[in-house]
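The values are calculated or read from the model by the stated rules, or taken from the named source; none is laboratory data. These figures come from a predicted structure and were not determined experimentally. Ideal geometry is used to build each Cβ from the backbone, glycine not excepted, and the neighbour counts take in all protein chains shown. Remember, those area values only see protein heavy atoms, side chains included, never the ligands or the DNA or RNA. Shrake-Rupley method; radii C 1.70, N 1.55, O 1.52, S 1.80 Å.
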Amino acid sequence: MTQPFIRPRRLRASESIRAMVRETVLTPADFVFPLFVVPGENVKEELSSLPGNYHLSPDMAALEAKAIQDLGIPAVLVFGLPQYKDERGSSAWDPRSPVQQAIARIKDACPGLAVISDVCLCQYTSHGHCGIVNNGRVDNDASLEFIARTALSHAAAGADMVAPSDMMDGRVAAIRRTLDADGYQDVGIMSYAAKYASAYYGPFRDAAQSAPQTGDRCSYQMDPANAREALKEVALDIEEGADIVMVKPALAYLDVIRQVKDSFRQPVAAYSVSGEYAMIKAAAAKGWIDERRIVLETLTSIKRAGADIIITYYAPDAVRWLSL
């Protein structure tokens, strides 16, 4: 008997048929939108390295969050620039700092929107490192108290979830103990579990004014060559109490996202970082690419790799484009 001629193209014949058999579908619920908050009132200043994103004072961040909620995006991730910096980064846990003020104002304006707060010391320290520096080195264990104190201040302001991005060993356990001891058992932890020492962070460091003044972060962020190590880091964070684990960056680490997804039963987030965004923006401005198609293809690849949650500066545009 002659074998039938196999024609996979039958399932690509029209948009309606393609939609019926589409394996990966993006929705607004997949996205988290980052916000950068700064001191002051009525501040909205576009970021030159991240066009379409802004430095926002807490009042303007609340307005932006309401617009994000109205698009059907379920969460924002709040970063902040402080009024002052010192060696310990003490403005990170100051309740008068912009992040804490923005969290409170966003929750007041949008009680149904999930507010996730980035927890790190790099924006707040005079040296720009993610932990306490002693004798020229980042002191892992000395940093844990201050990282946990920062997370606690965010929870007290109303954050639904805290997201430690410092990559200090043991910080998830330290945060979980501190939150639980102070009655914040229901505040979740989204850990930057596999955060690589990446060159893709340049525009973010400009926006957050968080570049280290000396040295680099290779002693605490992960080596881009390593994938097995990422699984170890994720396993440790889950053991310490992480509710969601993150891979950062996303596009150059799709293989890591897939391995994490296949290895653990925890929700997986992926951060499509500033360098990914800026490169697409720059090429689109030159007319070299179709921005809409490139963005939706890129975000689809991140979800297809296994991400349940995608943190992206393109979230508002992606939602609008998905509705076309």
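Cross-link partners of Lys44 among aspartates and glutamates, defined as those whose alpha carbon lies under 13 angstrom from its own and excluding same-chain residues fewer than eight positions apart: Asp59, Glu64. Apolar share of the accessible surface for the chain: 51 percent from carbon plus sulfur atoms, 1.4 Å probe. A simple count of charges around Ala235, restricted to other residues whose Cβ falls under 14 Å of its Cβ and scoring Lys, Arg +1 and Asp, Glu -1, yields -3. Model label points for Arg22 and Ala283, set 7 angstrom from Cα along the Cα-to-Cβ axis, are 2.2 nm apart.
For the stretch 85-154, the solvent-accessible area works out to 37 Å² per residue, with a probe of 1.4 Å and every protein chain left in place.
Beta-bridge orientation, the chain: approximately 20 percent antiparallel, per DSSP, counting only bridges with both partners inside. Note on Ala109 and Asn42: the extension gain reaches 22.5 nm, defined as 0.36 nm multiplied by sequence separation minus the Cα-Cα distance. Our helix-only sum for the chain, with -39,500 (n - 2.57) per DSSP H run of n ≥ 4 divided by its residues, gives a mean residue ellipticity at 222 nm of -12000 deg cm²/dmol. For the chain, the relative contact order works out to 17 percent when only alpha carbon pairs closer than 8 Å and six or more residues apart are counted. Exposed loop positions in the chain were taken to be GluC sites (Glu not before Pro) whose DSSP state is not H, G, I, E or B and which have at most 16 other beta-carbon atoms within 10 angstrom. Between these positions, the longest stretch is 88-324.
When the C-alpha to C-alpha distance is required to be over 25 Å, the pairs from Lys107/Lys303; Lys107/Lys261; Lys85/Lys281; Lys232/Lys261; Lys195/Lys281 that qualify are Lys107/Lys303; Lys107/Lys261; Lys85/Lys281. For the chain, the Cβ-based charge dipole about the Cα centre amounts to some 1340 debye (Lys, Arg positive; Asp, Glu negative; other atoms uncharged).
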